[in-house]
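Notes for the one structure printed next.
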Amino acid sequence: MKSTFALAVHGGAGTISRDQMTPEKEQAYHAALRQVLEAGHDVLRQGGAALDAVEAAVRLLEDSPLFNAGRGAVFTHDGRHEMDAAIMDGRDRSAGAVAGVRNLQNPISVARMVMDKSDHVLLAWPGAEEFAREHNLPTQPDEYFFTQHRHDQLQEALESGGIHLDHSESKKAPPKKMGTVGAVARDQHGNLAAATSTGGMTNKRYSRIGDSPIIGAGTFADNRTCAISCTGSGEYFMRAVAAYDVACLMEYRGLSLAEACRIVVHDKLEPVGGEGGLIAVDGAGNLALPFNSSGMYRGTITSDSPIFTAIYEDK
Ligand code: ASP
């Protein structure tokens, strides 16, 4: 179905077990996703740019402690928060990204600033923080990023010695849930954009960086094909160059968005252990939200259809 404008968001994919989910928690996730979709919808309905819509959506997701990005970012091995983010404009494939940044309130807006105000695509660690300060982007003390839930996850991970994807809730079952947030949009002018932001993996060390800030791996946008934001086991998404592979299947094999996404998520990532999913939009405003995990926090809104939010697989 063609839509004048379309927006999809995600709040991470993974093994989201129903028995760990309370009705209150489920309700809170749906409400947060709705709020984010409404904000992005406001931008798109008024004729705003896809780029502004995805930035606005991801900023809100970063501000929510429910998701593994910005305020709710997971802890590193050293008990800190190191965040990655990327944004890409489908009009000209301009892009900006930051990796391993600490204390920045909204990494996605720093990524946007890298795109708009520097000659570079990817800045990392203290240099990226210095760039953010020079552009007066807000920082926050360590306490801002503290959530008890994430802290407990780190203690579990330290005990077991594992590096965990987000949303570990059970000591018995190996934690497999993933976090990360993202948004993709097509605006009324036919332009596409994608944005992704994450705290990465609980107990990560050695300045580990995932797929989210890597253009083509976790984030990609090109008006000629699609805009993509991924979530899942980042190392696999990097090796698969997952986001760009969807665009390639469309460009070189002439596949539809849905078919290209299916191949990448189910035929390429899944067999090698790449768990997770992605959200995607094409030039006609078609949306696809495939995942090979048991759930993915996700939602959509278009010019023709109301808000839809979901966590588990559609019945
Ligand atoms: N893809 C992210 C990373 O590997 C994690 C996630 O999606 O939860 O950093």
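Since every read-out is calculated from the coordinates, none of them should be taken as a lab result. Predicted model, so just to flag it, every value in this text is computed and none were measured. Glycine also receives a Cβ, built like all others from the backbone with ideal geometry; neighbour counts cover every protein chain displayed.
Would you please give the FRET efficiency between Q35 and R239, computed as 1/(1 + (r/R0)^6) with r the Cβ-Cβ distance and R0 = 51 Å, to the nearest 0.05?
Computed FRET efficiency for Q35 and R239 comes out at 0.90.
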- Task: List the extent of the Cα atoms of region 80-124 along each of their three principal axes, largest first, rounded to whole Å.
- Result: 36, 17, 12
- Taking θ as phi - 60°, what are the ³J(HN,Hα) couplings along region 157-163 by the Karplus curve (6.51, -1.76, 1.60), each to the nearest whole Hz, with x for Gly and Pro? 5, 5, 4, 8, x, x, 10
- Message: Give me the base-10 log of I(q)/I(0) for region 212-267 at each q in 0.17, 0.18, 0.23 Å⁻¹, Debye formula, one uniform scatterer per Cα, rounded to two decimals.
- Response: -0.44, -0.49, -0.80
- Along region 84-95, Karplus-curve 3J(HN,Hα) (6.51, -1.76, 1.60; θ = phi - 60°) to the nearest Hz, with x for Gly and Pro, reads 10, 7, 8, 9, 9, 9, x, 5, 9, 6, 6, 8
- For a label point 7 angstrom out from the Cα of Q148 toward its Cβ, which stretches of region 35-77 have the backbone nitrogen within less than 16 Å? 65-66
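So for the chain, averaging the separation of alpha carbon pairs under 8 Å that are six or more residues apart and normalising by length, what relative contact order in percent results?
Computed value for the chain: 26 percent relative contact order.
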- Query: Can you give the relative contact order of region 90-239 as a percent, counting alpha carbon pairs under 8 Å and 6+ residues apart?
  - Reply: 22
- Message: Spelling out what I want: for every residue of region 296-304, take phi, set θ = phi - 60°, compute 6.51 cos²θ - 1.76 cosθ + 1.60 (Karplus), and round to whole Hz; glycine and proline get x.
- Response: 7, 5, 7, x, 9, 8, 9, 5, 10
- With labels modelled as points extended 7 Å from the Cα through the Cβ direction, what inter-label distance (nm, one decimal) is found for R18 paired with S94? 4.7
- Partner aspartates and glutamates for K268 [C-alpha distance under 18 Å; skip if fewer than 8 residues away on the same chain]: D211, E235, D245, E251, E259
- So what's the projected area for the chain, the Cα convex hull averaged over all directions, in nm²? 14.7
- Under a 10 Å cutoff between Cα atoms, tell me which one of V74, V265, V58 has the largest fluctuation in the Gaussian network model of the chain. V265
- Query: Given a Förster radius of 30 Å and the C-beta distance between E130 and H77 as r, what FRET efficiency does 1/(1 + (r/R0)^6) yield to the nearest 0.05?
  - Reply: 0.80
- Query: Hey, rough spin-label estimate for Y252 and S303, points 7 angstrom out along Cα→Cβ, what's it come to in nanometres?
  - Reply: 3.3
